[in-house]
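Shown next, in structure tokens, is the structure this report addresses.
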Amino acid sequence: MSVYGHKKSSGAPAPKPAKPPTARAAFYDLDGTLVDLNLVHAAIFTLANVGEWSGRVAYLLGLAARIPRLYMAERRDRRLLNATLFEAFKGVSRDRLLSLGEEYCERILIGHLFPRGLELIEANRAAGIEPVLVTGSPDFIVAPLARHLGVADFAANRLVFSRGRATGRLAEPVMAGDEKAAWCADYAAQRNIDLADCWGYADSHYDTAFLATFGHPVAVNPDRRLRAAALSRQWPVIHFEKAASSEQPDDFDDGRDLQQDIERSTRGSDGAA
């Protein structure tokens, strides 16, 4: 299995031979498409729980210092946004990130899955269309979610580690923009899958090239620019409502301002910074 996938057990059988050309897959973006959260939310949660209190504050202040760059990157280049955000993880141990990924998935992420998104995955699976996650979220968060959803393969961003600690750099390919589309093309070629028979789901205009890769692109909860592109290309547009459980704010409400989230997470129990 590639670094983008996972095995359900240590005794998993050898990889299956290439699927016949009739095999079909559905490729799902994650943030904003299947869950009503984003990558920044996951980063704040992770950095707020990495270790002792003094260490958490240092990591969160490092993230706060990157806010101007993050806003600029969000407007210009999703790849740059990912690279800038993941710099904040420099120095965190691999083991701690794996542990926090499991915790974030169990405590928060699963409760923020769109119910209709889950129904869509199952309906596609029942029709013989296998789900694949393709996301800019980190693999230590995506792997436990994939296991929860029963998804065998996924593409996610991966940190580079040195001596068991994150360097703050991302391994290639970075899952953003055109590189998501290229990964899907490689994935399909290796498995003899015709992308013209596949579905793609995403919410951001940065994923326009990703969606255009498939014969059946669908804009989910699209931003203004993706909605315009979808309407001009006659792509279906669908909207998912939040899960009832996600209406209750968690430790980091995604509707808050990023700066406020970071400031709130650096306060002690007495409210002092």
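The values are calculated or read from the model by the stated rules, or taken from the named source; none is laboratory data. Treat the numbers as computed from the prediction; the structure is a model and nothing was measured. Glycine also receives a Cβ, built like all others from the backbone with ideal geometry; neighbour counts cover every protein chain displayed. For accessibility, only protein heavy atoms count, side chains too; no ligands or nucleic acids. Shrake-Rupley method; radii C 1.70, N 1.55, O 1.52, S 1.80 Å.
Provide Trp183, Trp199 ordered by accessible surface of protein heavy atoms (probe 1.4 Å), highest first. Show your work: numbers first, answer last.
Values: Trp183 25, Trp199 55 Å².
The ranking, largest first, comes out as Trp199, Trp183.
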Query raised in the report: Around Gly164, what is the net charge, scoring Lys/Arg as +1 and Asp/Glu as -1 over all other residues with Cβ under 9 Å from its Cβ?
Result: +2
Report task. Please work out the average accessible area per residue across the stretch 113-235, using the 1.4 Å probe convention, and give it in Å². Result -> 41
Query raised in the report: With every protein chain in place, what's the accessible area of Ser204 (1.4 Å probe, Å², nearest 10)?
Result: 10
